[in-house]
Amino acid sequence: MSDATPAPIMGQREFVALMAMIMALQALAIDAMLPALAQIASDLDVADPNRRQLVVGVFLVAGGLGALVPGALADRYGRRPVLLVSLACYIVFSLGCAVVQDFTALLALRSAQAISSAGLSVLPSAIIRDRHSGDAMARMMSTIFVIFMLVPMIAPSMGQAVLLFAGWRWIFVMLALLSLMVMVWVAIRLPETLRPEYRQPILPMTIASNMLIAASNRSAFGYVVGGGLTFAALLGYVNSSQQLVGEHFGAGTAFPLIFGATALGMGVASFFNSRIVERFGARRVSHAALFAFIAISSLQCVLAYSPHETLLQFMPVMAMNICMVGFIGANFGSIALQPFAHMAGAAASVQAFLRMAGGSLLGLLIGLAYDGTARPLALAFLLSGIVALLAVLWSEQGKLFRRLTPPGVDRPVVVPEAH
């Protein structure tokens, strides 16, 4: 017999906090940069003021492309090793960005950072799927999103706080230190969640087959498309919000507070979703939210095409729609992963790729369509909602509001201890 004492099993609260922190690192790499973009452009001699946006845009697109890789590796070698390597890469490339002397080199390092650490956005979903299924998974995802949604509110302030005492390079040092803390937490406390019988061989044809199955599964595909479209609309708002809210509607210096308030609304929606989803079911809640999203988007279009839309008219309606995204996102993601218990890593990868890469590109186009009014954004929200509904109808074969998992039923997976 071994005298070694097994490590305590990770409780649900600690698990939720760890998953939220892992996902938050990717968001921090984007939002913490926002206050420093002007200083980065000045220090690295960037003449075109619009090029500074590439520090964020390149990371988003590269992260979407990188999402294809870690899931397949995690299905073969386990979640922990791939997650630890992703965290290590995040640290190394953050420190590289901190010492770079050329803007093109900075963009190259940001791309490498996003691609190599894409597991931070992919693997939490696979790990949660390993432990939970059905509406319980949707509830867990919503609970994690409540914590995760705090990041867009505090990350710019964290970056600004660093700038008060040091230069922009120290923001990357801060990211490296935070990632190191999470890495130690994962190494000490997170058990391996991949069941041995679900391990997949690293064979190109097997990986390609798994990803093709995950991408083409009818019951999942509509939810991936719907989630990507609503995510794109949200990114379109983020991309154009400074011009639209700060300049067109004249919010001025109040813009950061208004932007933070909308993020808070999405967090509140995720909190309520975590409380009701097991009672009513992920499909019922998300389908109702999608219909509300379309109705609110229709009101947005009416207001946008009225002669004198004001900030007080625009923001409450936009905030309501962003709240609907809080009810849609986690539930759609959970429903899309349900058919793939045996290959959750590959499924999470390909679904994250479709949502993130597609959503980022569409969101960029929506932002670029800004014409000095709220009309392009309102139309984008309405069209994304309608197409998302059609995609969900296709997945559900025309039958909405069904409940496939009885209330209170979850099929938790018993995972082994880490050794």
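Miscellaneous remarks
- Enumeration of residues in segment 201-227 that are at pLDDT 85 or above and of a type in the set (A, V, I, L, M): A220, V224, V225
- Qualifying residue in segment 379-387 (condition: under 18 Å from the mean Cα position of the chain (by Cα) and either among the aliphatic types (A, V, I, L, M) or more than 23 Å from L65 (Cα to Cα) (or both)): no
- Test: residue in segment 298-305 that is buried (at least 23 other Cβ atoms within 10 Å of the Cβ), modelled with pLDDT of 85 or more and in contact with a helix residue (DSSP H, G or I) (Cβ under 6 Å, 6 or more places away or on another chain): yes
- Exclusive hit being out of contact with any helix residue (DSSP H, G or I) (no Cβ under 6 Å at 6 or more places or on another chain) and open to solvent by 20 Å² or more (accessible area, probe 1.4 Å), set A215, A288: A288
- Residue within segment 237-250 that is outside any helix (DSSP H, G or I), open to solvent by less than 60 Å² (accessible area, probe 1.4 Å) and at pLDDT 80 or above present: yes
- One residue alone among L150, L123, L84, L177 is on the phi < 0 side of the Ramachandran plot, surrounded by fewer than 19 Cβ atoms within 10 Å (Cβ to Cβ), modelled with pLDDT under 95 and out of contact with any His (no Cβ under 8 Å at 6 or more places or on another chain), and that residue is L150.
- Qualifying residue in segment 370-390 (condition: farther than 25 Å from S240 by Cα, modelled with pLDDT of 85 or more and hydrophobic (A, V, I, L, M, F, W, C)): yes
- The residue list L234, L264 contains one member that is in contact (Cβ under 8 Å) with a residue 40 or more places away in the chain and either crowded, with 23+ Cβ neighbours inside 10 Å or closer than 12 Å to I366 by Cα (or both), which is L234.
- Contact map, segment 78-90: first residue more than 14 Å from Q113 (Cα to Cα), second residue of a type in the set (D, E, K, R) and not in a helix (DSSP H, G or I), Cβ cut-off under 8 Å, separation 6 or more or different chains; pairs are G78/E192; G78/R199; R79/E192; R80/E192.
- The residues in segment 390-406 that are part of a helix (DSSP H, G or I) and open to solvent by less than 30 Å² (accessible area, probe 1.4 Å) can be counted, and the count is 3.
The values are calculated or read from the model by the stated rules, or taken from the named source; none is laboratory data. Just so you know, these numbers come straight off a predicted model, no measurement behind them. Because the Cβ atoms are built from the backbone with ideal geometry, glycine has one as well, and the counts that use them run over all protein chains shown. These accessible areas exclude ligands, DNA and RNA; they are computed on the full protein's heavy atoms, side chains included. Shrake-Rupley method; radii C 1.70, N 1.55, O 1.52, S 1.80 Å.
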